[in-house]
Amino acid sequence: MAVTSLAIFLTAFAWMAWRVRVGADPVLSKVAAKQAPAPAKHIKRVVVVRKVIVTELPPAQSTAAPAAYAAPATGGQQSYSPPASAAPAPSPAPAPMPVTRGS
Amino acid sequence: MLTRETPHSFACMGTEMAIWIDHSDAVLRQELFRTAERFLHDFDWRFTRFDAGSELCQVNADPAPVVNVSREFAEWLAAALWAADWSGGLVDPTLVDAIEQAGYRRSLGDGADSDGPADADAGNGTATLVEALKLLPALSAQSTVKTNQARVPAPVAAPIPTPAGPAVGAGWRQVVLDRATLQVARPHGVRFDAGGTGKGYAADRVAAMLAERLASGTRWFVDCGGDLRLSAVTAGDRPHTVLMQHPITGDHSHSLQVWGGAVATSSVNRRIWRNDDGSFGHHLIDPATGRPAWTGLLSVTAVGESALQAETLAKWALLAGPAKARELLAGRGGLLVQQSGAVEVAASRQVRQPIDHKEAA
């Protein structure tokens with residue numbers, strides 16, 4: 001039992017020492033790389049393509065606020081006013097509705 | 001919200017006129033407003049029945065069997081004769097005698113007594129439809145009261161709803177118009193009145209001018225006392241919304257969606273007056289009887305390709321009574337207001353009900 005355990009220990013130690021030596025020596029590293037089994041040719045590269053929807057955000061939804069609207073240095077209650085160009089586009093006023101009545 | 005130009009409005013023909021143009025060029029808008037207003041005032045001056053100097057009065061007073069008229073007069077008369085023919089004689093432009101005998105001998109304006117106090121030549125004076133409708137049941141009850149009750153006014157029979165009919169030997173059928181020589185021949189005593197077709201015809205004339213000067217797709221409308229002409233709506237654009245004024249309540253109770261053409265309303269609530277005997281008269285004369293028509297309808301709103309057509313159709317339908325009116329309006333749609341005040345919708349695909357009064361305000 002003790003002999004078996006010692007043998008396993010020494011084997012593991014020798015393997016670790018070899019790995020350290022190979023990793024440190026560039027020549028041995030290349031040899032080891034050549035000896036490594038080539039990847040199976042039947043495994044193809046898998047490419048995942050995400051469908052991307054590009055949305056043009058209006059200026060008001062820009063992630064960075066313009067410097068002009070940074071918080072005042074003196075403190076106080078922080079307020080934010082959207083820039084004029086960020087205001088929603090004005091909607092046209094409804095057309096007047098004519099009235100038909102007895103003539 | 002962007003501001004939008006308000007309609008250009010002014011008084012003319014004893015009523016309120018309005019023109020609206022959705023165009024960014026203010027100079028062009030003002031020029032078109034001026035041109036249209038000048039035309040309408042000239043039309044009013046030429047065709048008023050209440051000014052002896054008007055061409056209409058001069059033609060009516062001329063004893064000659066054949067008279068020369070202006071191009072403007074000839075074109076209107078051609079339109080009026082078309083309306084009379086199309087309506088089977090119900091929209092008759094030669095009922096001046098009857099309408100004067102009924103009490104309409106001075107301009108009553110568009111509303112109640114808008115032209116000042118009544119004079120001795122205009123019956124007892126202007127009245128409102130509400131007054132007339134309130135009195136109708138009472139007058140009907142009085143017809144059973146014995147005459148020895150001195151404090152009871154002389155009984156006046158409430159009018160029984162009766163469809164109007166064409167006049168026998170109608171004057172308009174004997175009128176001969178030569179549009180080339182601008183001459184009008186008519187029997188002695190036949191006089192013309194532009195009240196039944198003048199506003200619709202005038203709205204069409206203004207509309208033709210706007211359509212000629214403005215690009216296709218420009219939105220506009222012409223309102224001649226409630227007779228409306230509207231620009232053609234291009235594909236994909238929203239329709240015009242036209243509000244109908246209820247003849248009793250005055251509310252905008254219904255709206256119509258139209259893609260151009262015209263909308264007109266004929267109603268007994270305009271130009272209504274009270275006679276010496278307590279009865280009520282109005283300007284829509286039954287050609288068959290020569291008296292104001294009570295057909296069971298208070299107003300009819302009709303849709304047409306032109307304002308003249310819509311106005312003629314509305315008057316024709318009102319005079320013909322409910323049954324015929326439904327038939328006449330079935331094609332293009334419209335609204336009937338019965339004597340009870342109930343509104344009946346014809347061809348509901350074009351009519352929305354009820355509307356949001358806040359929206360309409």
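Please treat every number below as a calculation from the coordinates, not as lab data. None of these values were measured; they are calculated from a predicted model. Cβ placement follows ideal geometry from the backbone for every residue including glycine, while neighbour counts extend to all protein chains displayed.
Descriptive notes on the structure:
- Dipole check for the stretch B:166-216: with +1 at the C-beta of Lys and Arg, -1 at the C-beta of Asp and Glu, and the Cα centre as origin, the magnitude is about 80 Debye.
- Ordered from longest to shortest, the equivalent ellipsoid semi-axes for the stretch B:37-76 are 19, 12, 5 Å, each the square root of 5 times a Cα gyration tensor eigenvalue.
- Sorted largest first, the principal axis extents computed over the alpha-carbon atoms of the stretch B:278-318 equal 39, 18, 13 Å.
- For the stretch B:201-328, a simple Cβ point-charge model (Lys and Arg +1, Asp and Glu -1, everything else neutral) yields a dipole of about 60 debye relative to the Cα centre.
- Theoretical gain in end-to-end length, residue B:342 to residue B:327 [0.36 nm per residue, Cα-Cα removed]: 3.6 nm
- In terms of overall dimensions, the stretch B:249-294 has a Cα radius of gyration and Dmax of 15.0, 47 angstrom.
- Between residue B:275 and residue B:100, the FRET efficiency from the beta-carbon distance, with R0 = 22 Å, is close to 0.95.
- Fraction in percent of alpha-carbon pairs per bin - 5 Å, the stretch B:209-361: 2, 9, 18, 21, 20, 13, 9, 5, 2, 1, 0, 0
- If R0 is 22 Å, the Cβ-Cβ spacing of residue B:305 and residue B:257 corresponds to a FRET efficiency of close to 0.85.
- Working from label points 7 Å from Cα in the Cα-to-Cβ sense, the residue A:15 to residue B:45 distance is 11.7 nm.
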